[in-house]
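Some notes on the structure that comes next.
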Amino acid sequence: MNYAKIKWTDISNGPGVRVSLYVSGCRNHCKGCFNPETWDFNYGDPFTEEVENSIIDGMKPDYIKGFTLVGGDPFEPENQKALAPFLEKLRAAYPAKSIWCFTGYDFEKDLLTGKLGDADLVTRMLSCLDVLVDGRFVEELKNPGLWFRGSSNQRVILVQQSLARDEVVRLVAITDRLYVRKFNECDEEGLYEILGDGQTMKFIEPPFTRDGTREFLRDICIGKGYALAAELKDTGKLIGYILIKPCGDGLYETGWIFHKDYRGRGYAYEAVNAVFDYAFAELGASEFTASADERNQPSLNLIEKLGMKYVRSEKEDGNLLLVYMKNKGNK
Ligand code: SF4
């Protein structure tokens, strides 16, 4: 395998400062590709053991948060043989640093089916990755505001979670302690723990039944995509539900419900701020609204901490709701 370049302090191909390896060779030939010189498998220099060791050394400093494979395409059959053992070496050396990979191929159709190159090597590569950004770059869908991808068809995938749950788990943001991601079918149990709890739902609505949770998950969270999930990075536990529902003209209704065992530790603040950033950048949001029962002081405190401004009060089912707004100006 040849490689085009190494960036030793890269801040644009994954979260934090990272070492990035640009491999040579790509058959996708996407129109508008940002690195067309790397399509040629002979471009650049040979990826020798010395180069591997220099990357492993370069990953040592604490400020290096992870490693990213960019292309060219790391999953081209010609590149798999060198990259599978290298990624294994890197993973063993730095179990706590994240490994990201960008590919023009499709996670389910090309990588999981074993159709691309050597299925065993592909499996070994996937087993080392935290995050895969997949799909060809489509110039017509280009959006510079997207989080770590060039066009909106591309997906940021949590690889180990997707393999374990047998569903594609799509990431939209990362905070210090959380993954903020789209909901999946396998979230039913975790969501029921939150929405089915009477204490949690005290000032919101009656607790959900198991069937009601399933229906809500399928229809609102997955079908309409009006909600995002907050999952603990270290255990994978679903601890929060965040509503992000479009109401027209860039206005989004928001709301959040967090697991009773994880309240008062700043998780909701962390997750909701990340959702605001995601919606401003990716959904074209310009304004958010949120409301809480006047008796729900913790929720009102959080709303104000998030920089939302009180606009009015509304009566609902005999209770008084305080309504707040936030726009780019009070971000
Ligand atoms: S997959 Fe990436 S490197 Fe290959 S052509 Fe598309 S944008 Fe360029």
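Listed values, structure above:
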{"read-out": "Residue within the stretch 88-109 that is under 26 Å from ILE239 (Cβ atoms), in a loop (DSSP other than H, G, I, E, B) and either touching a residue at least 40 places away in the same chain (Cβ under 8 Å) or under 17 Å from the mean Cα position of the chain (by Cα) (or both) present", "value": "yes"}
{"read-out": "For GLY114: the one exception among (1) at pLDDT below 95; (2) closer than 20 Å to GLY150 by Cβ", "value": "(2)"}
{"read-out": "Any hit, the stretch 308-325, residues being outside any strand (DSSP E or B) and surrounded by 13 or more Cβ atoms within 10 Å (Cβ to Cβ)", "value": "yes"}
{"read-out": "Identity of the residue in the stretch 148-163, of a type outside the set (D, E, K, R) and within 13 Å of the ligand (Cβ to nearest atom), that ends up nearest to SER12 (Cα to Cα)", "value": "GLY150"}
{"read-out": "Test: residue in the stretch 235-246 that is surrounded by fewer than 14 Cβ atoms within 10 Å (Cβ to Cβ), under 19 Å from LEU171 (Cα atoms) and out of contact with any helix residue (DSSP H, G or I) (no Cβ under 8 Å at 6 or more places or on another chain)", "value": "yes"}
{"read-out": "Check on GLU140, part of a helix (DSSP H, G or I), within 16 Å of the ligand (Cβ to nearest atom) and surrounded by fewer than 19 Cβ atoms within 10 Å (Cβ to Cβ)", "value": "yes"}
{"read-out": "Top-ranked residue of the stretch 18-50 - restricted to ones that are away from the ligand (no atom under 16 Å from the Cβ) and surrounded by fewer than 16 Cβ atoms within 10 Å (Cβ to Cβ), ranked as farthest from ALA92 (Cα to Cα)", "value": "ASP45"}
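Yes or no, residue by residue, for (1) away from the ligand (no atom under 16 Å from the Cβ); (2) out of contact with any helix residue (DSSP H, G or I) (no Cβ under 6 Å at 6 or more places or on another chain); (3) farther than 22 Å from GLU49 by Cβ:
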residue	(1), (2), (3)
GLY72	no, no, no
ASN79	no, yes, no
LEU90	yes, yes, no
ALA93	yes, no, no
PHE102	no, yes, yes
LEU111	no, no, yes
LEU116	no, no, yes
THR123	yes, yes, yes
CYS128	yes, no, no
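The values are calculated or read from the model by the stated rules, or taken from the named source; none is laboratory data. Keep in mind it's a predicted model, so treat the numbers as computed, not measured. Every residue, glycine among them, receives a Cβ derived from its backbone with ideal geometry; neighbour counts consider all protein chains shown.
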